[in-house]
Amino acid sequence: MLPLLLFIILIDRLSSIQIEQSPKQFKIHENSPNGTIIGTIQTNPSNYSITLIDDANGRFHLNSIGQLMVSAFIYLFLS
């Protein structure tokens, strides 16, 4: 399993926004196929949007319902 750290930055001054995901660390298997759901990120209230600002060169995708997914084959180079 590969660790995937998710850093969440709230650009808002409303203290009522909460990220409903604890911990903010996901794990994914090496060689996971495209479309594999890594985890779901939810906000409260739910009418706020979440944006992925770095997709690791196209490896990850965040869909409209907050699912973080594999969008390019993930493999690990060992040397």
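Rule-based calculations on the coordinates, nothing more; no lab input. Everything numeric here is computed off the predicted structure, so don't read it as measured data. All Cβ positions, glycine included, derive from the backbone under ideal geometry; neighbour counts span all protein chains shown.
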Phi to ³J(HN,Hα) by Karplus 6.51 cos²θ - 1.76 cosθ + 1.60 over the range 30-42, Hz, x for Gly, Pro | 4, 6, 5, x, 4, x, 5, 7, 7, x, 10, 10, 10
Amide H neighbours of GLN67 at under 5 Å, excluding residues fewer than 5 places away on the same chain, with H built from the backbone geometry, are ILE41
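Given a Förster distance of 22 angstrom, what is the FRET efficiency for LYS27 paired with ASP55, based on the Cβ-Cβ distance and rounded to 0.05?
Efficiency computed from Cβ-Cβ geometry: 0.75.
Applying a 10 Å radius around every beta-carbon, put 51-59, 30-38 in order of their mean neighbour count, most first. Please report the intermediate quantities before stating the final value.
Working: 51-59: 9.9, 30-38: 13.0.
My ranking of the peptides, most packed first, is 30-38, 51-59.
Given R₀ = 22 Å, what would the calculated FRET efficiency be for ASN34 paired with SER64, taking r from the Cβ atoms and rounding to 0.05?
On the way: r = 17 Å, r/R0 = 0.79.
Approximately 0.80, to the nearest 0.05.
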